[in-house]
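A short worksheet on the structure shown next.
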Amino acid sequence: MRIVIQRVTEASVTIDGQVHSTIGHGLMVLVGVREGDTLDDMRWLAQKTVNLRIFDDEQGVMNRSIIDAGGEVLAVSQFTLNASTKKGNRPSYIHAAGHDLAVPLYDAYCDEVAQLLGRETKRGIFGANMQVALVNDGPVTIIIDSRLKE
């Protein structure tokens, strides 16, 4: 699995002209599931998400997690995180997981983050055409890949 975490002052998902989910201060997380990903990948990424120290402490040093900061999380599925651009100029999504694997792992990730955080994880709708809006705070953007463990 791959995730892109962005520290935000606000974020929202709009579907068919209607706001579906919105958060204030917190994390906007794009979630991409690949073929072969497992519950272990999901759990590792959920732990990283809630424990990553990317919020400022009293001295202005990024030393606090989303738990410490009391922020919210909005997670949106995004199969394009698994694009391969090795050959040509049209991305290939051959490594992106199919619906049968991707939906349960995305849902499990959202549920695990909510449990670890102690509050609801806001979501997009898997497979929907979503308009995602956010104000990146910093900007702070972190890419994490469960296979690379970095």
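Condition check for residue 118 on (1) touching a residue at least 60 places away in the same chain (Cβ under 8 Å); (2) out of contact with any strand residue (DSSP E or B) (no Cβ under 8 Å at 6 or more places or on another chain); (3) closer than 17 Å to residue 26 by Cβ: one failure, at (1).
For region 125-144, a residue qualifies if it is surrounded by 15 or more Cβ atoms within 10 Å (Cβ to Cβ), within 19 Å of residue 46 (Cα to Cα) and at pLDDT 95 or above, and the qualifying residues are 140, 142, 144. Looking at the structure I just gave you, is residue 56 at pLDDT 95 or above and open to solvent by less than 50 Å² (accessible area, probe 1.4 Å)? Here the answer is no, as residue 56 does not meet what is asked. Close contacts from region 87-106, counting a first residue that is closer than 16 Å to residue 41 by Cα and a second that is open to solvent by less than 70 Å² (accessible area, probe 1.4 Å) and of a type in the set (S, T, N, Q), with Cβ to Cβ under 6 Å and a gap of 6+ residues or different chains, come to 95/82; 96/82; 106/77. On inspection, residue 117 fails the criterion of being under 17 Å from residue 11 (Cβ atoms), out of contact with any Cys (no Cβ under 8 Å at 6 or more places or on another chain) and open to solvent by 30 Å² or more (accessible area, probe 1.4 Å).
The residue that is farthest from residue 145 (Cα to Cα), among those in region 1-45 that are of a type in the set (Gly, Ala, Ser) and either under 13 Å from the mean Cα position of the chain (by Cα) or open to solvent by 20 Å² or more (accessible area, probe 1.4 Å) (or both), is 17. Residue 118 falls short of the stated requirement of being over 23 Å from residue 40 (Cα atoms) and not aromatic (Phe, Trp, Tyr). Any residue in region 128-150 that is at positive phi sitting within a Cβ distance under 8 Å of a residue that is surrounded by 15 or more Cβ atoms within 10 Å (Cβ to Cβ) and part of a strand (DSSP E or B)? List the pairs, counting only those 6 or more apart or interchain. Here the result reads 138/7, each pair linking region 128-150 to a residue that is surrounded by 15 or more Cβ atoms within 10 Å (Cβ to Cβ) and part of a strand (DSSP E or B). Tell me yes or no: at least one residue of region 91-107 is at pLDDT 95 or above and touching a Cys at 6+ places or on another chain (Cβ under 8 Å). No, region 91-107 has no match at all.
The values are calculated or read from the model by the stated rules, or taken from the named source; none is laboratory data. If you're wondering where the values come from, they're calculated on a predicted model, not measured in any experiment. Note: ideal-geometry Cβ built from the backbone for every residue, glycine included; neighbour counts use all protein chains shown. Protein only, heavy atoms only, side chains kept; ligands, DNA and RNA dropped before computing areas. Shrake-Rupley method; radii C 1.70, N 1.55, O 1.52, S 1.80 Å.
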